[in-house]
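Student: I have a structure I would like to understand better, so I am pasting it below and will then ask my questions one at a time.
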């Protein structure tokens, strides 16, 4: 039986801006193709520029044995700004200096990511979960391009925002939302069911550098590449943010959640990019909640999933 014949898998697209933690999320999804049907990977500018994030996604797909997965290059800038913020914590190349020795398969030269998203969702209406690990520019463009897109998406699970905790770019804003808050607000208003893996849960998902170097680095040559990436990344940000999105799909029981209504502050000022979350019915208004918000995660179970993926690589 081929993977395409395995019943009950969750069809997913990973929209990302690799980034070391994005790379681990792709690895985790690739390791569980018995559960997840990875339809495509799309890239966006965020942790690095679009040339770097697309190259990095191609390198990670090759490294994880996923050369059969389509790759599409996406937006090179936010919707309303000429250029977005970058995250130096991932290194100059976005993958902790590892790309020089990695083969990177190319993206589709004809179809941009937002068009690919529209086509994929149209071909599987009501079935596809979008795993959004970077700024939401591609998804917003798909919503604006195709009026039927939002109604065809099964769900969006995204890493971004901070519901009841401080931001990591400013006191109130998390990086992915801060880079393109206008795109994020379009997504929040789209009516697509949302699950938010924000800083409330992700900044606690930490694995020690000693564990990385003493355990993960010893599994295989390919696992050692990931361990070096994560070791360098951990010097600036020890939290494994993006893998939480995939871990939620693989094991929702590893998390606690609340329901709420999310909107994004797009006004210039100290709260630019803040995710404002209403939990009380009187604050949500007649529309009610639009998101499930992850609050706590079982760190041992989440990091254990990543460790098993590396061990099997």
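The values are calculated or read from the model by the stated rules, or taken from the named source; none is laboratory data. None of these values were measured; they are calculated from a predicted model. We place every Cβ from the backbone using ideal geometry, glycine too, and count neighbours over all the protein chains shown.
Student: If I ask for residues that are touching a helix residue (DSSP H, G or I) at 6+ places or on another chain (Cβ under 7 Å) and either assigned to a strand (DSSP E or B) or modelled with pLDDT under 95 (or both), which ones from the stretch 260-292 would you list?
Tutor: Within the stretch 260-292, 261, 262, 263, 264, 275, 278 qualify.
Student: What number of residues within the stretch 252-279 are closer than 23 Å to residue 11 by Cα and surrounded by 16 or more Cβ atoms within 10 Å (Cβ to Cβ)?
Tutor: 3
Student: Can you confirm whether the stretch 225-240 contains a residue that is in contact with a strand residue (DSSP E or B) (Cβ under 8 Å, 6 or more places away or on another chain), buried (at least 16 other Cβ atoms within 10 Å of the Cβ), modelled with pLDDT of 90 or more and at negative phi?
Tutor: Yes, there is a match, as at least one residue in the stretch 225-240 is in contact with a strand residue (DSSP E or B) (Cβ under 8 Å, 6 or more places away or on another chain), buried (at least 16 other Cβ atoms within 10 Å of the Cβ), modelled with pLDDT of 90 or more and at negative phi.
Student: While we're here: Can you tell me which residues in the stretch 244-278 are within 24 Å of the chain's Cα centre (by Cα) and free of Cβ contacts under 8 Å to residues at least 24 places away in the same chain?
Tutor: Across the stretch 244-278, the qualifying residues are 252, 253, 276, 278.
Student: (1) surrounded by fewer than 22 Cβ atoms within 10 Å (Cβ to Cβ); (2) touching a residue at least 40 places away in the same chain (Cβ under 8 Å); (3) out of contact with any helix residue (DSSP H, G or I) (no Cβ under 6 Å at 6 or more places or on another chain); (4) not in a helix (DSSP H, G or I): which one isn't true of residue 196, the others all being true?
Tutor: (1)
Student: Now, a different point. Quick one: which residue in 95, 61, 28 is farther than 23 Å from residue 183 by Cα and either part of a strand (DSSP E or B) or without any contact (Cβ under 8 Å) to a residue 60 or more places away in the chain (or both)?
Tutor: On the way: 95 fails: either part of a strand (DSSP E or B) or without any contact (Cβ under 8 Å) to a residue 60 or more places away in the chain (or both); 28 fails: either part of a strand (DSSP E or B) or without any contact (Cβ under 8 Å) to a residue 60 or more places away in the chain (or both).
Every option except 61 fails the conditions.
Student: Over 13 Å from the mean Cα position of the chain (by Cα), assigned to a helix (DSSP H, G or I), buried (at least 20 other Cβ atoms within 10 Å of the Cβ) and in contact (Cβ under 8 Å) with a residue 40 or more places away in the chain, is that true of residue 120? I'd like the intermediate steps shown before the answer.
Tutor: Details: over 13 Å from the mean Cα position of the chain (by Cα): yes; assigned to a helix (DSSP H, G or I): yes; buried (at least 20 other Cβ atoms within 10 Å of the Cβ): yes; in contact (Cβ under 8 Å) with a residue 40 or more places away in the chain: yes.
Answer is yes for this residue.
Student: Taking only the stretch 78-100 into account, find how many residues are farther than 21 Å from residue 236 by Cβ and in contact with a helix residue (DSSP H, G or I) (Cβ under 8 Å, 6 or more places away or on another chain).
Tutor: Filtering the stretch 78-100 for residues farther than 21 Å from residue 236 by Cβ gives 78-83.
From what's left, in contact with a helix residue (DSSP H, G or I) (Cβ under 8 Å, 6 or more places away or on another chain): 78-80.
Total satisfying the criteria: 3.
Student: Also: Quick one: which of 34, 51, 21, 67 is without any contact (Cβ under 8 Å) to a residue 40 or more places away in the chain, part of a helix (DSSP H, G or I) and either over 15 Å from the mean Cα position of the chain (by Cα) or buried (at least 23 other Cβ atoms within 10 Å of the Cβ) (or both)?
Tutor: Residue meeting the stated conditions: 51.
Student: Give the number of residues within the stretch 160-186 that are touching a strand residue (DSSP E or B) at 6+ places or on another chain (Cβ under 8 Å), crowded, with 24+ Cβ neighbours inside 10 Å and in a helix (DSSP H, G or I).
Tutor: Residues meeting the conditions: 4.
Student: Against the condition out of contact with any strand residue (DSSP E or B) (no Cβ under 6 Å at 6 or more places or on another chain) and in contact (Cβ under 8 Å) with a residue 60 or more places away in the chain, how does residue 141 come out, does it pass?
Tutor: In short, yes.
Student: Then there's this: Test each condition in (1) farther than 23 Å from residue 179 by Cα; (2) in contact (Cβ under 8 Å) with a residue 40 or more places away in the chain; (3) surrounded by 14 or more Cβ atoms within 10 Å (Cβ to Cβ); (4) in contact with a strand residue (DSSP E or B) (Cβ under 6 Å, 6 or more places away or on another chain) for residue 290 and report the one that comes out false.
Tutor: (1)
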